[in-house]
1. Just one of 211, 185 is out of contact with any Pro (no Cβ under 7 Å at 6 or more places or on another chain) and more than 11 Å from ligand 2 (Cβ to nearest atom); which is it?
2. Considering each of 53, 30, 81 in turn, give the residue that is of a type outside the set (D, E, K, R), part of a helix (DSSP H, G or I) and under 29 Å from residue 105 (Cβ atoms).
3. Within the stretch 188-206, which residues are crowded, with 19+ Cβ neighbours inside 10 Å and either within 10 Å of ligand 2 (Cβ to nearest atom) or among the acidic types (Asp, Glu) (or both)?
4. Kindly provide the set of residues from the stretch 95-115 that are within 13 Å of ligand 2 (Cβ to nearest atom) and open to solvent by 10 Å² or more (accessible area, probe 1.4 Å), ordered by number.
5. Does at least one position in the stretch 148-159 carry a residue that is more than 15 Å from ligand 1 (Cβ to nearest atom), in contact with a Lys or Arg (Cβ under 6 Å, 6 or more places away or on another chain) and under 30 Å from residue 236 (Cβ atoms)?
6. Please enumerate the residues belonging to the stretch 116-137 that are of a type in the set (A, V, I, L, M, F, W, C), open to solvent by less than 50 Å² (accessible area, probe 1.4 Å), assigned to a helix (DSSP H, G or I) and away from ligand 2 (no atom under 16 Å from the Cβ).
7. Take residue 62 and decide whether it is under 22 Å from residue 92 (Cα atoms) and without any contact (Cβ under 8 Å) to a residue 24 or more places away in the chain.
Amino acid sequence: MRRMIRNVHDAALAALMIDDPVAKCAAAAALRHDWIARTLDVLEGGDDARAIAEPGRPSRPQLVAPQALSSRHIGSREGHAALLHAIAHIEFNAINLALDCVHRFRSMPAAFHRDWIHVAAEEASHFELVQARLHALGHGYGDFSAHNGLWDMACRTADDVLSRMALVPRVLEARGLDATPMIVAKLRRIGDDESVAVLDVILRDEVGHVAIGDYWFRDCCARRGLDAEAVYLELMERFNAPWPQAPLHREARLAAGFSAAELDRLARGRR
Ligand SMILES: [Fe+2]
Ligand SMILES: [Fe+2]
């Protein structure tokens with residue numbers, strides 16, 4: 001018999017701990033369905049600051065240091081698949097990252113949970129779209145090694161929603177906005193129009209995810225009486241977060257809530 005889940009935080013945690021990608025995607029979609037159907041409660045209470053070191057994920061891909069990753073030279077079939085695999089891995093982690101926000105940041109309003117449930121379901125659909133492209137190339141998720149940088153940042157920001165919003169959506173997901181046009185150009189060059197179409201969908205949705213992170217980051221800063229744009233730079237220093245790689249996707253970042261002044265600052269480099 002299916003266990004009854006009464007609140008949105010436990011439901012998100014249950015989905016977060018699922019290892020199997022197909023089942024996790026289904027759970028993320030079901031969570032959005034149940035939220036819309038109003039069958040889940042939002043609890044009032046404090047945040048759960050304990051990091052989850054081992055979220056649900058399949059036994060493969062093998063996690064390795066970033067330097068040990070397979071070559072992604074797109075000219076070869078293996079390199080083409082490795083590039084799509086890297087994107088699938090990002091999307092898989094992004095499902096867990098969004099679910100983790102719903103699970104732990106219980107002091108946040110219902111609208112915060114609504115937003116991150118929506119993100120989790122979109123990330124699940126991104127994962128499915130990219131995995132279908134991998135299958136078309138004769139591969140699947142787990143066939144290449146991957147690194148754990150995204151989840152590491154989740155663990156490092158588990159105790160503070162303001163830091164999480166700054167460093168995950170507003171740093172890591174925003175870097176995805178910058179990287180996408182270059183990846184699209186590579187895929188177009190080798191004639192993989194199906195993957196280009198998938199990345200067009202992902203880029204459109206990811207602007208929305210960064211915008212959600214931006215909204216809640218600025219909201220947290222306002223409630224704590226902090227200058228959001230100054231705090232952002234301080235957090236990037238404190239966490240030694242990766243600086244955006246040029247060229248910035250200015251149009252996408254502006255649409256997601258970055259100010260022109262911030263983009264000018266980021267374009268100048270770390271110092
Ligand atoms: Fe995504
Ligand atoms: Fe995303």
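1. Answer to the selection: 185.
2. Result of the check over 53, 30, 81: 30.
3. Of everything in the stretch 188-206, those that are crowded, with 19+ Cβ neighbours inside 10 Å and either within 10 Å of ligand 2 (Cβ to nearest atom) or among the acidic types (Asp, Glu) (or both) turn out to be 192, 202, 206.
4. 97, 115
5. yes
6. 134
7. When the stated conditions are applied, residue 62 does not pass them.
Rundown of residues vs (1) closer than 18 Å to residue 168 by Cα; (2) out of contact with any helix residue (DSSP H, G or I) (no Cβ under 6 Å at 6 or more places or on another chain), yes/no style:
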| site | (1), (2) |
| --- | --- |
| 6 | no, yes |
| 10 | no, yes |
| 18 | no, no |
| 30 | no, yes |
| 61 | no, yes |
| 64 | no, yes |
| 78 | no, yes |
| 96 | yes, no |
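The values are calculated or read from the model by the stated rules, or taken from the named source; none is laboratory data. On a predicted model such as this, the values are computed, not experimentally measured, just so you know. All Cβ positions, even for glycine, are placed from backbone atoms using ideal geometry, and neighbour counts span all protein chains on display. All accessible areas refer to the heavy atoms of the entire protein, side chains included, with ligands and DNA or RNA removed. Shrake-Rupley method; radii C 1.70, N 1.55, O 1.52, S 1.80 Å.
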